[in-house]
Amino acid sequence: MWSLKAWRRNRILERNPIDPAHWAEVCRRLPILDGLDEHEQQRLRERAVLFLHDKHLTALPGVEIGPVEHLLLAAQAQLPLLHLGELDWYRGFHEIVLYPDDFVSPQRHRDAAGVEHEWDDPRSGEAWHQGPVILAWPGVEASGSWEGYNLVIHELAHKLDMLEGGANGLPPLHRDMRVQDWANAMQSAYDALNAQLDADPDAETAIDPYAAEDPAEFFAVTSEYFFSAPDLLAEAFPEVYRQLTLFYRQDPLARLQRLQAEHQDYRMVENATNG
Ligand SMILES: [Zn+2]
């Protein structure tokens, strides 16, 4: 059956071919794409083009970006969606604003006693409900290796979380998933992390202690680890890892282990060259 949507999609892809040299550069700079098969690579390329067609990147003065950098951002944005249907998972926002450096965000919080607290919080990313995603470009450039840090995936995980109302650590789950299983896995890991930090605020936690901030940050940080340090996450919180494989319908740990089986020093070499 002829479909307007498919016709539009194909027209966008035809009109915006990716220079193979650019894509090769993107893959070189993003070790977390290593081990994707040919179909996945192809799908990621197409979705990156569609993403860039759909979203407007606003680079503030001091951010110099060209076609490779656009693709670098888009490929990381689309990696989490690679095995999800072509639903509009990033609907509800059109703009990504790129800052030249970390920025200060005014925060406000009313405590249990009704007292309003305000403070300035330095950060490298922010996702506004029904609004833009803000990314500090150095944070984007520091993302892409297997080191448990990925600013792009972190902020866009907040967007997935926000699809069902506010950011509360519960994105729209698939029909074959159970909210109760998700809640149990997330809550007990979140509680364990908080208990560890309550006992010792300087504890060496298995994942970034920022995850203990609130359930929304827990989902964003564990999503970040899922794609960039799946071994650390699976070891620390196996049930969280399992729920994320069901949600993202991917198994980055299996992919990483395949790469390591092929080259024993795979990750050490990658991390050394990517600093
Ligand atoms: Zn966050």
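Scanning the stretch 122-139 for residues that are surrounded by 10 or more Cβ atoms within 10 Å (Cβ to Cβ) and either away from the ligand (no atom under 16 Å from the Cβ) or in a loop (DSSP other than H, G, I, E, B) (or both) yields a count of 7.
Looking at this structure, is Ala77 touching a residue at least 60 places away in the same chain (Cβ under 8 Å) and either over 25 Å from Ser223 (Cβ atoms) or open to solvent by less than 70 Å² (accessible area, probe 1.4 Å) (or both)?
Taking the combined requirement at face value, the residue satisfies it.
Within the stretch 250-269, is even one residue at positive phi, at pLDDT 95 or above and basic (Lys, Arg)? The answer is no, given that none of the residues of the stretch 250-269 is at positive phi, at pLDDT 95 or above and basic (Lys, Arg). Counting only helices (runs of 4 or more DSSP H) that fall entirely inside the stretch 190-272 and contain at least 2 residues that are away from the ligand (no atom under 16 Å from the Cβ) and not hydrophobic (A, V, I, L, M, F, W, C), the qualifying elements are 230-236, 238-248, 252-262. A single entry from Trp119, Trp182 fulfils the requirement of being more than 15 Å from the ligand (Cβ to nearest atom), in a helix (DSSP H, G or I) and either modelled with pLDDT under 95 or touching a Leu at 6+ places or on another chain (Cβ under 7 Å) (or both): Trp182. His109: within 16 Å of the ligand (Cβ to nearest atom) and out of contact with any strand residue (DSSP E or B) (no Cβ under 7 Å at 6 or more places or on another chain), yes or no? The answer is no for His109.
Restricted to the stretch 1-67, the set of helices (runs of 4 or more DSSP H) holding at least 2 residues that are touching a helix residue (DSSP H, G or I) at 6+ places or on another chain (Cβ under 8 Å) and of a type in the set (Lys, Arg) comprises 38-54.
The values are calculated or read from the model by the stated rules, or taken from the named source; none is laboratory data. Only a predicted model underlies this, so the values are computations on that prediction, with no experimental measurement involved. Please note: Cβ atoms are built from the backbone with ideal geometry, for glycine as well, and neighbour counts cover all protein chains shown. Only protein heavy atoms, including side chains, enter the accessible area calculation; ligands, DNA and RNA are left aside. Shrake-Rupley method; radii C 1.70, N 1.55, O 1.52, S 1.80 Å.
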